[in-house]
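Remarks on the structure that follows.
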Amino acid sequence: MPMALVGEPPKRRAAVPSGVLGMLLFVAAEVMFFAGLISAFTITRAGAPPLAWSLPGGVVLPAVETAFNSIVLMMSGVVLVVAHWRLRRGEDAKAARALLAATILGAAFVLLQGREWWGLLSRGVTMQTSTLGAFFYLIVGTHALHAACAIVGLGVAWWRLRRGALPAGFFYTAETFWYFVVAIWPVIYFRVYF
Amino acid sequence: MSAHAASHAEHGHHEQGFVRKYLLSTDHKVIGLQYLFTGMLMALIGGFTVYVFRMQLAFPGEEVPLWGRVTAAQYNALVTTHGSVMIFWVAMPVLIAAFGNFLIPLMLGCDDMVFPRLNRLSYQLFLLSALILIASFFVPGGPFGGAWTAYPPLSADPAYNATPWGATLWLIAVALEFVAFLLGGINFITTAMNSRAPGMKMFDVPIVIWMIVLASLVFMASVGPLIAGAIMLLFDQRFGTGFFNPATGGDPVLWQHLFWFFGHPEVYVVLLPALGIVAEVMTTFSRKKLFAYRTVIFTAIATSIISFFVWAHHQFVAGIDPRMAGLFTVTTLIISVPIAEMMFIYIATLYGGSIRFTTPMLWALAFIAEFLIGGVTGIYLGAAGSDVYFHDTYFVLAHFHYTFFPIAFIATFAGLTYWFPKMFGRMMDERLGKIHFWGTIIAFNVIFIPLFLTGAGGDHRRIFDYSLFPELAGLQGLRVLATIGLLVLIAFQPIFIYNFINSMFRGKVAGANPWRANTLEWAAPSPPPHGNFPEMPVVYRGPYEYSVEGRDEDYWPQHVPPDDPKRPAEQVA
């Protein structure tokens, strides 16, 4: 029979703050969601007849332009790390500038991607004309939607930081989500564009 | 809900309007009861649909009372609605959301969930999803008729399923419901990680909480691919894409992979909380420590992991590679090992205990007995060779119901009758409870044992009228017997509803700890007020210290300090 412990038990401290833990769990579910999309894409491509797997009219996906957009997105992630460090050191004004830069870089990524979509659409690449096109818009569009939500979160964090009312938990939660959006992009880029 | 309002009004600590307190509450107990009552109402829909189509199968072409003549298209819609409602809107909300919300903060000794507003949003999304599903009864073409598994091309093309709006509403409802449970799961896991009472270590957490948290993890890890598939199917239905259409380079079997990658772990998502409930009830009423507490947890973790590697056993006849079928046969047979182990552990818990046959205990024992039948018959379906014969017959259906009925109803009744005093502060009637128990259990077996036989005899599942198959005419007697069993089962349910509602107002007042149980929820008053505990509890031991030698009482609550061994638990409340 195990004896119960005697005396006052130790007070509990959360190893990971609740907001961040909740966001990490959400991100885990999101990773599985994107894994579902990407593996669906991979399986369909592997099973498709070779000639059926192309865009109509000989259009190819703009891998080079997107490489530039991807660099913009990666830079946004790096700048956000800088914002994190500055915030930890208490340099709020500098942190706010870095946070704003990360937000703008992220927004630039979404806008540049949108411009590419516009080009593809004008050349007749839609979701209906080919399954490759359908997967392209579905996966990249889903990522863009996530990016847009995360950018709103970062924007709100910047606004609150500027007014000196940014709770650390809010920043860490938004930050976690943005890192997810940035980190999943190379996987999508190398799977879908090539 | 108003009944609950009345029982609460007596306490009257926090005067809030009805809407604020019961419809927009962020209190985990209220949200748990919202899930419970919504799930019970949805069970009426699921029960009514099965009544209509079982009547059609037993007496083909005749008028069904309360419905009329059943057409083939209606039959498909009824079967689809029954399956989806019972799994997504009854088993999931009651087992995970209702018990999870009600029990997790109480059993962990904290005042509420970590994210109470997220919790409220979770219920609101769930309610919306239920309303969307119900709305599909009133759109042109009626509710979705492509089976709850929604295989394309049947589900993707309105020309095949004949329910253009029902199919889309069904998909949206299912996707919304998953988002609701995702939010709930995040809450459950975070709360269990960060809000346990002081002194409560990982291995002091009651089994039911472990199980609900593990189930939430399994759900969150498996649901993503299905949401991806649901979006693709939605696009196929409404925007003319061809993800699942081979004519445009798509792949219809892909949906089956995405669906069952979620669908099979889903079985364990609802099974684990059911096993948890049974563990709590069994230890309390055998007055004995749970046998091999840690082994139960490690077994459950093993089951959770293996559950991700068995999904293709649903696709043995879908044209998958035979080598792959061989692999999935092996994994499927392996997963029966941890489940069998758990069954033995529960039986070992009973061994030598001083067993009390209360209503919740009867349900818990019935769970083991009936689920065992479901588990054993599953072996024939997990092996690819025999599954080719049994696939899509009533044998599958009977097997499936021998697993899901114990999960969704028997374990739920065990949990409800056990925690009813905590939920409403009053006891349920034992005599009515036992009548309801025996009526339900006997009728359940009368329904499904004949269906094993019809399935082995060649009855295919998706047949609207067997009189068109004269070679199967000899099985009609068994089909009628199953339907009679169902009518008896349904006839016994008003007893439970009466007992439930009547006991809410007129049951014997329960006190804080009527079952003399150990876990923390029994340290709170019944029903617990907003904030749960007048004084936040501190935990000194594991949850199953029953019949400890050298103590006067045969139970030893988790929150009672060790220096006072003779102290009864009642004075805490």
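The values are calculated or read from the model by the stated rules, or taken from the named source; none is laboratory data. On a predicted model such as this, the values are computed, not experimentally measured, just so you know. Cβ placement follows ideal geometry from the backbone for every residue including glycine, while neighbour counts extend to all protein chains displayed.
Quick grid of which residues meet (1) polar (S, T, N, Q); (2) closer than 23 Å to A:R160 by Cβ:
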site	(1), (2)
A:N69	yes, no
A:M75	no, no
A:A83	no, yes
A:L87	no, yes
A:I104	no, yes
A:A108	no, yes
A:G114	no, no
A:L120	no, no
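Considering segment A:29-81, and only residues there that are polar (S, T, N, Q) and under 13 Å from the mean Cα position of the chain (by Cα), the residue that is farthest from the other protein chains (Cβ to nearest Cβ) turns out to be A:S76.
Just one residue in the set B:A175, B:A159, B:A180 is assigned to a helix (DSSP H, G or I), within 14 Å of chain A (Cβ to nearest Cβ), among the small types (G, A, S) and within 27 Å of B:R461 (Cα to Cα); that residue is B:A175.
Just need a number here: residues in segment B:126-156 that are under 25 Å from B:I277 (Cβ atoms) and either in a helix (DSSP H, G or I) or among the basic types (K, R) (or both). Adding up the residues that qualify gives 4.
Selection of segment B:286-298 for residues being in a helix (DSSP H, G or I) and either at positive phi or without any contact (Cβ under 8 Å) to a residue 24 or more places away in the chain (or both) yields only B:F298. When A:T129, A:T142 are checked against the criterion of being modelled with pLDDT under 90, over 26 Å from A:E91 (Cβ atoms) and surrounded by fewer than 22 Cβ atoms within 10 Å (Cβ to Cβ), a single residue qualifies: A:T129. Is it the case that B:Y540 is over 26 Å from B:R426 (Cα atoms), modelled with pLDDT of 90 or more and either among the aromatic types (F, W, Y) or assigned to a loop (DSSP other than H, G, I, E, B) (or both)? Yes: the conditions hold for B:Y540.
If the condition is being acidic (D, E) and either loosely packed, with under 14 Cβ neighbours inside 10 Å or touching a Lys or Arg at 6+ places or on another chain (Cβ under 7 Å) (or both), then segment B:444-487 contributes B:D465, B:E471. Residue count for segment A:164-191 under the criterion of being of a type outside the set (A, V, I, L, M) and not in a helix (DSSP H, G or I): the result is 2. Candidates B:N518, B:N532: the one that is surrounded by 22 or more Cβ atoms within 10 Å (Cβ to Cβ), touching a strand residue (DSSP E or B) at 6+ places or on another chain (Cβ under 6 Å), in a loop (DSSP other than H, G, I, E, B) and not acidic (D, E) is B:N518. For segment B:428-435, the criterion of being over 30 Å from B:L475 (Cα atoms) and either outside any helix (DSSP H, G or I) or at pLDDT below 95 (or both) is met by at least one residue. Within segment B:548-559, being surrounded by fewer than 17 Cβ atoms within 10 Å (Cβ to Cβ) and touching a residue at least 24 places away in the same chain (Cβ under 8 Å) holds for B:E553, B:D554. Considering segment B:37-82, and only residues there that are free of Cβ contacts under 8 Å to residues at least 24 places away in the same chain and closer than 30 Å to B:F102 by Cβ, the residue that is surrounded by the most Cβ atoms within 10 Å (Cβ to Cβ) turns out to be B:F48. Residue count for segment A:115-126, restricted to those that are part of a helix (DSSP H, G or I) and either buried (at least 21 other Cβ atoms within 10 Å of the Cβ) or without any contact (Cβ under 8 Å) to a residue 60 or more places away in the chain (or both): 7.
When A:L112, A:L105, A:L161, A:L154 are checked against the criterion of being under 30 Å from A:G57 (Cβ atoms), touching a residue at least 24 places away in the same chain (Cβ under 8 Å) and in a helix (DSSP H, G or I), a single residue qualifies: A:L112. Taken as a whole, the structure leaves A:G22 outside the set of residues that are more than 7 Å from chain B (Cβ to nearest Cβ) and either in contact (Cβ under 8 Å) with a residue 24 or more places away in the chain or in a loop (DSSP other than H, G, I, E, B) (or both).
Against the list (1) more than 30 Å from B:H28 (Cβ to Cβ); (2) assigned to a helix (DSSP H, G or I); (3) of a type outside the set (A, V, I, L, M); (4) at the interface with another protein chain (Cβ under 7 Å from one of its Cβ atoms), the condition B:G224 fails is (1).
It is to be established whether one or more residues within segment B:268-285 are in contact (Cβ under 8 Å) with a residue 40 or more places away in the chain, within 13 Å of another protein chain (Cβ to nearest Cβ), of a type in the set (D, E, K, R) and farther than 22 Å from B:H314 by Cβ. Scanning segment B:268-285 turns up no residue that is in contact (Cβ under 8 Å) with a residue 40 or more places away in the chain, within 13 Å of another protein chain (Cβ to nearest Cβ), of a type in the set (D, E, K, R) and farther than 22 Å from B:H314 by Cβ.
The residues on offer are A:A102, A:A134, and the sole one that is out of contact with any Lys or Arg (no Cβ under 8 Å at 6 or more places or on another chain), hydrophobic (A, V, I, L, M, F, W, C) and away from chain B (no Cβ under 14 Å) is A:A102. Filtered by the rule that a residue be assigned to a loop (DSSP other than H, G, I, E, B) and under 14 Å from B:V79 (Cβ atoms), segment B:460-475 gives B:R461, B:R462, B:I463, B:F464, B:D465.
Taken over segment B:101-130, the criterion of being under 26 Å from B:A173 (Cβ atoms), hydrophobic (A, V, I, L, M, F, W, C), within 12 Å of chain A (Cβ to nearest Cβ) and crowded, with 23+ Cβ neighbours inside 10 Å is satisfied by B:M113 alone.
Among residues of segment B:173-207 being under 21 Å from the mean Cα position of the chain (by Cα) and over 19 Å from B:M220 (Cβ atoms), the one that is surrounded by the most Cβ atoms within 10 Å (Cβ to Cβ) is B:P206.
Hydrophobic (A, V, I, L, M, F, W, C) and within 14 Å of chain A (Cβ to nearest Cβ): does that describe B:V317? For B:V317, the condition - hydrophobic (A, V, I, L, M, F, W, C) and within 14 Å of chain A (Cβ to nearest Cβ) - is not met. Once segment B:243-258 is narrowed to residues that are within 7 Å of chain A (Cβ to nearest Cβ) and farther than 10 Å from A:T44 by Cβ, the residue that is surrounded by the fewest Cβ atoms within 10 Å (Cβ to Cβ) is B:T248.
Residues being in a helix (DSSP H, G or I), of a type in the set (S, T, N, Q) and farther than 15 Å from B:E266 by Cβ are entirely absent from segment B:198-219.
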